[in-house]
Amino acid sequence: MTLAVVLTALTQLEAWTIEASYLQAPRLPIALTTLAMSASVGWRRRAPLAVALVTAGALLVQLVLVHPPHSTSAPLLVWMVVVYSVAAHAPQRDAVFGGVAMVAAVDVWAIVHDGGNEFVFLTVILGGFWLVGRVVRSRNELAGALAKRTLELENEREERARLAVAVERSHIARELHDIVAHTLGVIVMQAGAERLHLHDDSPTCDAFASIESSGREALSEMGRLLGMLRSDGEGRELAPQPGLARLDALIDRVRTAGLDVELIVSGDPRELGPGADVSAYRILQEALTNTMRHGRAERARVRLSWEPCALEIEVADDGIGPPMKHGGTGHGLVCIRERVALYGGTLVVSRSELGGFRLCARLPAVVE
């Protein structure tokens, strides 16, 4: 609207202050028609085609009312703004129609005014402004499409991350279930074995019988729970999950696959609780798998640092480095992050001094 006010002031100032000898026409028709052209500029964004048609119509009306047409400079600014606006803010068909209407009206004015001496000049000027408007509209549409696609990709990435978290939590739940069920089965077997060595009327025998009965009921409930957790059709028997005791076998498999792995252990290794033991093994397994699949590495270093109240796990390689600026959001890192969070630990992802990727997970207070 500010532009419309400025253009209106300029055109009216020219219409009412131009010398009478130069004007050679009534001032009022000129002032009214130029007012219609300049004032309509205020709606150039909301109704660009209507503004172009009003401006072209007002110019033709001026040709009818004023003989001969007066030479003006301020309305030329209005024409350029209108042509640009209809090209930049209107759809393709409306932009072409509005641009042709404006150029045609101005060309008619040029022919009537001075026999067409300014015909080419005005056509080139207005055509250039129309092309600039179309380029601006095209770039704005492209920027809008890119922004929309970026938002969609962000939503898809967040959704994939949520799904990965849900899958990994379900996986962790199944592993913990297997650990608890296996331990409970051992308790039931031991209670039953001890009961067989006691007299039937012994209070201790009754206690072991109660432990055995409660344990079997709990195992039955755990079995039903296992059926719900294993929605992917897994049907393996209950068995202890892999732990750090199988780390050497894991590293041997990785070396067989072609990755040179160096294992460094510092501190005094101790026995972990079953859940923490599984999580530590899975973290190493996932980190080495990511190194082989995505890191393009030839050499990796695995370091286990045993501290009095924590275990620090570091995996570094000489590959291509972190996949994303903020540590990545791939499924592998999501899985590792969930396992570290289960024990209130910390996870740091950065560039390794070997030149590639470095993952450092700290599991506090995991020793039982």
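Here, each number is a calculation from the coordinates, and none is a lab measurement. Remember, predicted model here, so these are calculated numbers, not experimental data. Here Cβ is always computed from backbone atoms with ideal geometry, including for glycine, and neighbour counts include all displayed protein chains.
As a proxy for reagent exposure, VAL100, VAL64, VAL334 were ordered by neighbouring Cβ count within 10 angstrom, fewest first; the result is VAL64, VAL100, VAL334.
For the stretch 244-261, backbone phi angles converted through the Karplus equation (6.51, -1.76, 1.60; θ = phi - 60°) give residue-by-residue couplings of 5, 5, 9, 5, 4, 5, 4, 5, 4, 5, 5, 5, 4, 6, x, 9, 7, 10 Hz, Gly and Pro being listed as x.
Taking amide hydrogens as placed 1.01 Å from N in the peptide plane, the amide H of GLY267 sits under 5 Å from those of TRP306, each at least 5 positions away in sequence or on another chain.
The string of couplings for the stretch 79-89 from the Karplus curve (6.51, -1.76, 1.60, θ = phi - 60°) is 4, 5, 5, 5, 5, 4, 5, 5, 6, 7, 10 Hz, one whole number per residue in order, with x for Gly and Pro.
Cα-based radius of gyration for the stretch 244-364, normalised by 2.2 N^0.38 Å, reads 0.98.
For the stretch 243-301, a crude dipole built from +1 on the beta carbon of Lys and Arg and -1 on the beta carbon of Asp and Glu, taken about the Cα centre, is about 260 debye to the nearest 20. For the stretch 2-117, the Cα-based Rg and Dmax, in that order, read 13.6, 44 Å. For the pair the stretch 144-168 / the stretch 69-131, the C-alpha centres are spaced 47 Å from each other.
Taking amide hydrogens as placed 1.01 Å from N in the peptide plane, the amide H of LEU311 sits under 5 Å from those of LEU363, ALA365, VAL366, each at least 5 positions away in sequence or on another chain.
Choose one of CYS335, LEU304, LEU272: the residue whose Cα lies farthest towards the positive end of the charge dipole of the stretch 244-364 (beta-carbon charges +1 Lys, Arg; -1 Asp, Glu; about the Cα centre). Going by the Cα projections, it comes out as CYS335.
The magnitude of the dipole of the stretch 2-117, with charges of +1 and -1 set on the Cβ of Lys/Arg and Asp/Glu and taken from the Cα centre, is near 400 debye. Placing dummy labels 7 Å off each Cα toward the beta-carbon, the span from ALA341 to ASP268 is 3.5 nm.
Distance between the pseudo-spin-label points of LEU151 and ALA104 (7 Å out from Cα toward the beta carbon): 3.9 nm. Here r is the Cβ-Cβ distance between VAL348 and ALA143 and R0 is 22 Å; the resulting FRET efficiency, rounded to 0.05, is 0.05. Label-to-label distance for LEU35 and SER202 is 11.6 nm, based on points extended 7 Å past Cα in the beta-carbon direction.
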